[in-house]
1. Which residues, counting only those in the range 24-41, are surrounded by 17 or more Cβ atoms within 10 Å (Cβ to Cβ) and out of contact with any helix residue (DSSP H, G or I) (no Cβ under 7 Å at 6 or more places or on another chain)?
2. Is at least one residue of the range 98-111 modelled with pLDDT under 50 and either more than 19 Å from residue 182 (Cα to Cα) or touching a helix residue (DSSP H, G or I) at 6+ places or on another chain (Cβ under 7 Å) (or both)?
3. Taking residue 205 as the residue in question, decide whether it is modelled with pLDDT of 85 or more and under 30 Å from residue 15 (Cα atoms).
4. Of (1) at pLDDT below 75; (2) over 30 Å from residue 53 (Cα atoms); (3) under 17 Å from the mean Cα position of the chain (by Cα), residue 127 satisfies all except one. Which?
5. List the strands (runs of 3 or more DSSP E) inside the range 191-300, counting only whole elements, that have at least 2 residues being surrounded by 10 or more Cβ atoms within 10 Å (Cβ to Cβ).
6. If you check every pair at least six apart or on different chains, which have Cβ atoms under 7 Å apart with a residue in the range 177-193 that is within 19 Å of residue 43 (Cβ to Cβ) first and a residue that is part of a helix (DSSP H, G or I) second?
7. Output the number of residues of the range 51-84 satisfying the condition of being under 29 Å from the mean Cα position of the chain (by Cα), assigned to a loop (DSSP other than H, G, I, E, B) and on the phi < 0 side of the Ramachandran plot.
């Protein structure tokens, strides 16, 4: 008799757990109450034990995957026994890559995953894709997409609270966000959307910077250096600093942090129509003089 190993609910507020490590592999014999894997919540790491003895016939989720509670994560039985009735139908379709959270949502809403367009890496279906499909049933299907679009490496997956999808050209680094770090990121993001924002001011000693600016102004009164402002110098310092602290030039996208190599610098400009923020694209490729020229042009 085949028996599923269920992801338990480890607290009143816990909706999913991350599989940290499998202590057993498929084909291993396990004894009742033997530890087969470790899972992590937003507070602690727990051990999952085998409900019965037998062979670990199937592992349904890999290490690092976020699995909703009460979901089968493995199957124990004897060789030759059928497991089909214990494996979710969406899980049997290995040709469609889908995140555990998206799979759970699709099953909960009764959505066929074959009809959903995945916008994640290699066409992976993310939770937001399922929500998009539910909001516009049948509007987007894999057959209607231009060939190759579903496997685009561009980061089109956005958080539920964000606006239109944006594309960021240039190389980037993706860092998975899991466990406690993801919980903190979610809470901070929600706080940003729901709480009033404020401005913090700090003072800095910039007498050397001012002396440098005045020296350029006196030595080259007719050159581009003489037109460099304090704002240009601060902008240039920021551009040179960001590559050393990459998380400052990054986005939080549901289950990962995407760090960008390109620096797109927004310059706040007060206009009769209100505050506008024109952008200097790929600012890391420009010199101080070029930054100064481009800033003046955008302010016109």
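1. If we filter the range 24-41 for residues that are surrounded by 17 or more Cβ atoms within 10 Å (Cβ to Cβ), which is where we start, we get 24, 30, 36-41.
Residues satisfying the conditions are 24, 30, 36, 37, 38, 39, 41.
2. Quick first cut of the range 98-111, residues modelled with pLDDT under 50 only: none.
Scanning the range 98-111 turns up no residue that is modelled with pLDDT under 50 and either more than 19 Å from residue 182 (Cα to Cα) or touching a helix residue (DSSP H, G or I) at 6+ places or on another chain (Cβ under 7 Å) (or both).
3. Details: modelled with pLDDT of 85 or more: yes; under 30 Å from residue 15 (Cα atoms): no.
Judged against the criteria, residue 205 is not a match.
4. Looking at each condition in turn, residue 127 falls short on (1).
5. Details: elements: 250-252, 256-260, 269-271, 274-276.
Here the list reads 250-252, 256-260.
6. Here the result reads 177/185, each pair linking the range 177-193 to a residue that is part of a helix (DSSP H, G or I).
7. 7
Residues are listed down the side, and each one gets a yes or a no for (1) within 15 Å of the chain's Cα centre (by Cα); (2) without any contact (Cβ under 8 Å) to a residue 24 or more places away in the chain; (3) closer than 22 Å to residue 225 by Cα:
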| site | (1), (2), (3) |
| --- | --- |
| 248 | yes, yes, no |
| 259 | yes, no, no |
| 262 | no, no, no |
| 265 | no, no, yes |
| 273 | no, yes, no |
| 281 | no, yes, yes |
| 289 | no, no, yes |
| 295 | no, no, yes |
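The values are calculated or read from the model by the stated rules, or taken from the named source; none is laboratory data. Keep in mind it's a predicted model, so treat the numbers as computed, not measured. Note: ideal-geometry Cβ built from the backbone for every residue, glycine included; neighbour counts use all protein chains shown.
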